[in-house]
Amino acid sequence: MSLANAIKQITMNLNEAEHPVAVMFGTVTKEQPLEILVDQRLLLDEDFFVLTEQLTRYEVDLKHSHHINGSPTQDALTEKIVIREGLKAGDGVLLLRMQGGQQYVVLDKVVGS
């Protein structure tokens, strides 16, 4: 490695050490597979993202039957109830770019403007 390349590498390492995390904004462009446009210039796929639990779809099955005089009458709540939708195309998201820029933690959806 030449001296110039060594100096460049040291400078890059120092810069990353000073800025280990960057806060960024993105927009979900596709749900499956997940794609997010970061800062309106960089389109990344799901391999780059770490999702928090609150951004994943969560459904609860509350299916049950009502009983009158010991015999079942009719099923109630036949469909699963969606507690969290998960990420959808068009959602704005808040991201943390981790040191090195190879991974992004998707923290939450951004609401309002």
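The values are calculated or read from the model by the stated rules, or taken from the named source; none is laboratory data. Computed from a predicted structure; not experimentally measured. Note: ideal-geometry Cβ built from the backbone for every residue, glycine included; neighbour counts use all protein chains shown. Please note that ligands, DNA and RNA were not included when accessible areas were found on the heavy atoms of the full protein model with its side chains. Shrake-Rupley method; radii C 1.70, N 1.55, O 1.52, S 1.80 Å.
Within segment 54-87, can you find the residues that are closer than 20 Å to PRO33 by Cβ and open to solvent by less than 70 Å² (accessible area, probe 1.4 Å)? Selection gives LEU55, THR56, ARG84, GLY86, LEU87.
The residue that is modelled with the highest pLDDT, counting only those in segment 18-39 that are open to solvent by 70 Å² or more (accessible area, probe 1.4 Å) and under 20 Å from GLN102 (Cβ atoms), is PHE25. The single residue among VAL60, VAL21, VAL82, VAL38 that is under 13 Å from the mean Cα position of the chain (by Cα) and not acidic (Asp, Glu) turns out to be VAL38.
Which number in (1) open to solvent by less than 60 Å² (accessible area, probe 1.4 Å); (2) in contact with a helix residue (DSSP H, G or I) (Cβ under 8 Å, 6 or more places away or on another chain); (3) of a type outside the set (A, V, I, L, M); (4) over 25 Å from MET12 (Cβ atoms) marks the one condition that ASP108 misses? Condition not satisfied by ASP108: (1).
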